[in-house]
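Engineer: Before we start, here is the structure in question, set down as structure tokens.
The values are calculated or read from the model by the stated rules, or taken from the named source; none is laboratory data. A quick note: this is a predicted structure, and the numbers were derived from the prediction, not measured. Because the Cβ atoms are built from the backbone with ideal geometry, glycine has one as well, and the counts that use them run over all protein chains shown. Side chains included, ligands, DNA and RNA excluded: accessible areas come from the protein's heavy atoms. Shrake-Rupley method; radii C 1.70, N 1.55, O 1.52, S 1.80 Å.
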Amino acid sequence: MERRELGNTGLKLSCLGFGASPLGNVFGQVSPDAALSTVRRAFELGINFFDTSPYYGGTVSEMVLGNCLEALAVPRNDIVVSTKCGRYADGFDFSAERVTKSIDESLARLKLDYVDILHCHDIEFGSLDQIVNETIPALQKIKEAGKTRFIGITGLPLGVFTYVLDRVPPGSVDVILSYCHYGINDTALVDLLPYLKSKGVGVISASPLSMGLLTESGPPDWHPASAQLKSACRAAVDHCKKKGKNISKVALQYSLMNKEISTVLVGMNSPKQVEENTAAALELSNVGIDEELLHEVEAILQPIKNQTWPSGIQES
Ligand code: NAD
């Protein structure tokens, strides 16, 4: 599995990262045994980056991931673990008090002494000035206390990243995590990459399958996309299926092609998905992408290119 450097952190991440939100049962039930065999297979096949949040499944994802890492006795230095703060099952709270408590709760659930990255989770739902003036300084203290090595921010609207990065002291935010903005249907993140590079900020891109839109089983009920976006993606899925191809493979490979993105986080809930996705990454390195299929899918998705959905409070 190819490793890529993450900004100025010195971390080397597998280009394919393990999104642990499915372990919180957000895309359907995952048994503890299935979770364990999925995480084991990921580690065996060279994935070293695991991302979770107290929000996923109302702390279930963190707990399950912690149990898996303990059961597998994975050497701590061989993995990069990120979690988040500020977004919880019962709402948002980016106050210094809450995030300071939150990291201790996360570490207990993950059974770790520290995480590698602590993100402020979906900052468009908070006051961005609070993120700049209160949350990031609180995370700096958490970093100084050795509970996280690096600090990140996550969100859907891309403008929140520049708003915060333009206002915090250089080097205080190491990483951004963007989702649903670098895949075949939406490549909006690409415009931000030169800016992020100039700031030395590492780039994690999540949801190359657009949270299920680019999968044969389709998106979950809670998916926020418009009916038009869902139906265009369904047409692309059906087109691939008719040709005997799996859309998820070409979609993931497309996201992996941009090397300025350090890692692409995919949510996985079975050893089969891990095997398919790692095989897709290897095939991309060895053979390249199926250009013909890619162009056909791009043409089907052209009418909804870069269509997204509202997220966050008005201010953002
Ligand atoms: P995704 O685009 O990775 O899609 C996940 C869905 O695709 C799941 O249903 C999964 O079972 C399915 N899938 C995975 N591989 C497949 C395959 N080979 N064939 C068919 N289906 C397959 O969306 P996601 O899980 O939301 O995003 C990935 C990860 O990124 C999350 O788990 C989370 O860790 C992170 N993330 C973070 C944020 C944030 O911080 N705001 C937002 C979104 C995602």
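Engineer: How much accessible surface area, in Å² rounded to 10, belongs to the heavy atoms of M1 with a 1.4 Å probe?
Structural biologist: Here the residue's solvent-accessible area equals roughly 60 Å².
Engineer: So how do W222, W309 rank on accessible area, 1.4 Å probe, biggest first, that is with the largest at the start?
Structural biologist: W222, W309
Engineer: Which lysines, on any chain, are close to K111 with Cα under 24 Å apart, when same-chain ones fewer than 8 places away are left out?
Structural biologist: K12, K84, K101, K141, K143, K147
Engineer: Still on this structure: Under a GNM of the chain (C-alpha, springs under 10 Å), which listed residue has the highest mean-square fluctuation: T135, T162, T59?
Structural biologist: Of T135, T162, T59, the most mobile in the Gaussian network model is T162.
Engineer: Could you give the length gained on full extension between E291 and R3, defined as 0.36 nm per residue of separation minus the Cα-Cα distance, in nm?
Structural biologist: Length gained, E291 through R3: 101.3 nm.
Engineer: Could you check the simple spin-label distance between S31 and T162, using points 7 Å along Cα→Cβ, in nm with one decimal?
Structural biologist: Here the modelled spin labels are 5.0 nm apart.
Engineer: State to the nearest 20 debye the size of the charge dipole of region 214-316 about its Cα centre, where the only charges are +1 on K and R beta carbons and -1 on D and E beta carbons.
Structural biologist: Taking the Cα centre of region 214-316 as origin, the dipole is about 220 debye.
Engineer: With an 8 Å Cα cut-off and a minimum separation of 6 or more residues, compute the relative contact order for region 3-304 in percent.
Structural biologist: After rounding, I find 20 percent.
Engineer: Here is a further query. Of L13, L72, L265, which is the most mobile in a GNM of the chain whose springs link Cα atoms less than 10 angstrom apart?
Structural biologist: L72
Engineer: Continuing with this model, one more query. What aspartates and glutamates sit close enough to K245 to cross-link, taking a C-alpha to C-alpha distance under 14 Å and skipping anything fewer than 8 places away on the same chain?
Structural biologist: Leaving aside aspartates and glutamates fewer than 8 places away in the same chain, those within reach of K245 are E216, E276, D290, E291, E292, E296.
Engineer: Below 13 angstrom from the Cβ of P219, what's the summed charge of the other residues (Lys, Arg +1; Asp, Glu -1)?
Structural biologist: Residues close to P219 contribute a combined charge of 0.
Engineer: Quick check on region 3-304: of the DSSP beta bridges with both residues there, what percent are antiparallel, nearest 5%?
Structural biologist: Here the share of antiparallel DSSP bridges comes out near 15 percent.
Engineer: Sequence neighbours fewer than 8 away in the same chain don't count; with that in mind, list the lysines whose C-alpha is under 29 Å from K242.
Structural biologist: Once the sequence-local lysines are set aside, what remains near K242 is K230, K272, K305.
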